[in-house]
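Report on one structure; see the data block that follows.
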Amino acid sequence: MSAPQTTIGLLADHPGFVPVIARWLFDEFGYLIPGKTLPCVEESLRARMNRDRIPLCLVALRGVAPVGTVSLKESDMDSRTELTPWLAGLFVRPDLRGAGLGARLVGAIMEEASRLGAHELFLYTPSAA
């Protein structure tokens, strides 16, 4: 029996995954914004449930289970507000890392950015990992 296929879709089409994705992002990146709470992350994700405008969020699904995410945001760095839009919140479940899913998510968000008229993206990472 083969593993379920991994697909990538809009979070707007899968709103029930907001709590899971918020937990991933809070646990992985929460230290970057002291004082940010899990409910704040959930609210931010709900604001990204768009189809035809920034901000938006994609979710990777293996079968019907969420396994990764990435977002397109207007701004992701308070000190560089003139730069827009941003690739943000790239996350792949730890047990699935190293198999190319992160690259697929980046490619998918780049396609969404292009579709929405953005041909350059900005990215912040606290490490090169």
Fill in the blank from the handout: Filtering the range 14-42 for residues that are farther than 20 Å from R97 by Cβ and under 14 Å from the mean Cα position of the chain (by Cα) leaves a count of 6
Practice task
Could you please tell me which pairs satisfy a Cβ distance under 6 Å, a separation of 6+ or placement on different chains, a first residue in the range 12-36 that is more than 12 Å from P66 (Cβ to Cβ) and modelled with pLDDT under 95, and a second residue that is hydrophobic (A, V, I, L, M, F, W, C) and surrounded by 14 or more Cβ atoms within 10 Å (Cβ to Cβ)?
Solution key: E28/F91
Handout entry: Check on R46, under 20 Å from A12 (Cα atoms), touching a helix residue (DSSP H, G or I) at 6+ places or on another chain (Cβ under 8 Å) and assigned to a helix (DSSP H, G or I)
Key = yes
Exercise for the section: Could you run through the range 113-129 and say how many residues are among the small types (G, A, S) and either at pLDDT 80 or above or in contact with a Cys (Cβ under 8 Å, 6 or more places away or on another chain) (or both)? Expected result: 4
Handout entry: Scope the range 49-84; condition over 22 Å from F26 (Cβ atoms) and in contact with a helix residue (DSSP H, G or I) (Cβ under 6 Å, 6 or more places away or on another chain); matching residues
Key = R51
Completion exercise
Residue hits (the range 80-129; basic (K, R) and either surrounded by fewer than 16 Cβ atoms within 10 Å (Cβ to Cβ) or in a loop (DSSP other than H, G, I, E, B) (or both)) are R80, R93, R97, R115
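Taking the stated definitions as given, is I54 assigned to a loop (DSSP other than H, G, I, E, B), in contact with a Leu (Cβ under 6 Å, 6 or more places away or on another chain), surrounded by 12 or more Cβ atoms within 10 Å (Cβ to Cβ) and at pLDDT 95 or above?
It is true that I54 is assigned to a loop (DSSP other than H, G, I, E, B), in contact with a Leu (Cβ under 6 Å, 6 or more places away or on another chain), surrounded by 12 or more Cβ atoms within 10 Å (Cβ to Cβ) and at pLDDT 95 or above.
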Exercise for the section: Could you tell me whether T69 is farther than 22 Å from R93 by Cβ, hydroxyl-bearing (S, T, Y) and modelled with pLDDT of 90 or more? Expected result: no
Exercise for the section: Among the numbered conditions (1) out of contact with any Gly (no Cβ under 8 Å at 6 or more places or on another chain); (2) modelled with pLDDT of 95 or more, tell me where A99 comes up short. Expected result: (2)
Practice task
Determine, yes or no, whether T69 is surrounded by fewer than 17 Cβ atoms within 10 Å (Cβ to Cβ), in a strand (DSSP E or B) and touching a residue at least 40 places away in the same chain (Cβ under 8 Å).
Solution key: no
Problem - Residue within the range 72-91 that is touching a Phe, Trp or Tyr at 6+ places or on another chain (Cβ under 7 Å), within 23 Å of H119 (Cβ to Cβ), of a type in the set (D, E, K, R) and at pLDDT below 95 present - result: yes
Problem - Qualifying residue in the range 20-35 (condition: over 25 Å from R115 (Cβ atoms), among the basic types (K, R) and assigned to a helix (DSSP H, G or I)) - result: yes
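The values are calculated or read from the model by the stated rules, or taken from the named source; none is laboratory data. Note that the coordinates shown come from a computational prediction; the quantities given were computed from them, not determined experimentally. All Cβ positions, glycine included, derive from the backbone under ideal geometry; neighbour counts span all protein chains shown.
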